[in-house]
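The values are calculated or read from the model by the stated rules, or taken from the named source; none is laboratory data. Small disclaimer: the values here were computed from a predicted structure and weren't measured. Please note: Cβ atoms are built from the backbone with ideal geometry, for glycine as well, and neighbour counts cover all protein chains shown. Please note that ligands, DNA and RNA were not included when accessible areas were found on the heavy atoms of the full protein model with its side chains. Shrake-Rupley method; radii C 1.70, N 1.55, O 1.52, S 1.80 Å.
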Amino acid sequence: MKDLNGLFHHLLKDIYYAEKQIVKALPKMAKATENSQLRQAFEQHLEETKGQIERLDQVFKIIGKEPRGEKCPAILGLVEEGEEVMEKGENGDVVDAGLLAGAQAVEHYEMSRYGTMIAWAKQLGHHKAVPLLEQTLKEEKAADAKLNQIATSTVNREAA
Ligand SMILES: [Fe+2]
């Protein structure tokens, strides 16, 4: 990573790995929740995430690199926290609140990464990558807003 191009490539590999981990985690989270709205949100975001990976494939192509992930310790930590909630939550409502909070942490992580990548892609002149990354950022923000709405309308109250 000797310059911003190198750093951009690194971040791209990192988020590519992260999205693939999320594709593995979301079905487990959907299965673990008893809340139908939350399950639907997880299932919908699973489908979106698959599309986000395809967009990242295109971004690799735009910068002339092979699509390849690189282990991202941040996402592994967040996924592990979610697994802990599923193992240790003593009742379904508490598990739901914990899963929802964990999912929002993941969305915020992704929002910060995509925000940075958009800024760097503009700076580096990867103009074709910008709308792809912006589309994904929009989806992550919408997923986060949806989770917020589910938290306030049902999950938090039931867990309390
Ligand atoms: Fe994502």
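Here are a few things to note about the model shown:
- Meets criteria (of a type outside the set (A, V, I, L, M, F, W, C), open to solvent by less than 40 Å² (accessible area, probe 1.4 Å) and over 18 Å from Leu137 (Cβ atoms)) for Gln21: yes
- Counting residues in segment 24-42 that are farther than 28 Å from Ser153 by Cα and of a type in the set (S, T, N, Q) gives zero.
- Glu90 passes every criterion in (1) more than 23 Å from Lys141 (Cβ to Cβ); (2) more than 16 Å from the chain's Cα centre (by Cα); (3) touching a residue at least 40 places away in the same chain (Cβ under 8 Å) apart from (3).
- Residue in segment 28-39 that is in a helix (DSSP H, G or I), in contact with a Gly (Cβ under 6 Å, 6 or more places away or on another chain), within 20 Å of Thr136 (Cβ to Cβ) and within 16 Å of the ligand (Cβ to nearest atom) present: no
- Entry remark, segment 21-40: residues being under 13 Å from the mean Cα position of the chain (by Cα) and small (Gly, Ala, Ser) number 1 in total.
- Close contacts from segment 20-40, counting a first residue that is closer than 19 Å to Glu54 by Cα and a second that is part of a helix (DSSP H, G or I) and not basic (Lys, Arg), with Cβ to Cβ under 6 Å and a gap of 6+ residues or different chains, come to Gln21/Ile75; Gln21/Val79; Ile22/Thr49; Val23/Thr49; Ala25/Val79; Leu26/Phe42; Leu26/Leu46.
- Top-ranked residue in segment 1-20 [being charged (D, E, K, R) and more than 22 Å from the chain's Cα centre (by Cα); ranked as modelled with the highest pLDDT]: Asp3
- Here Leu12 does not fit the description of being open to solvent by 20 Å² or more (accessible area, probe 1.4 Å) and under 30 Å from Gln123 (Cα atoms).
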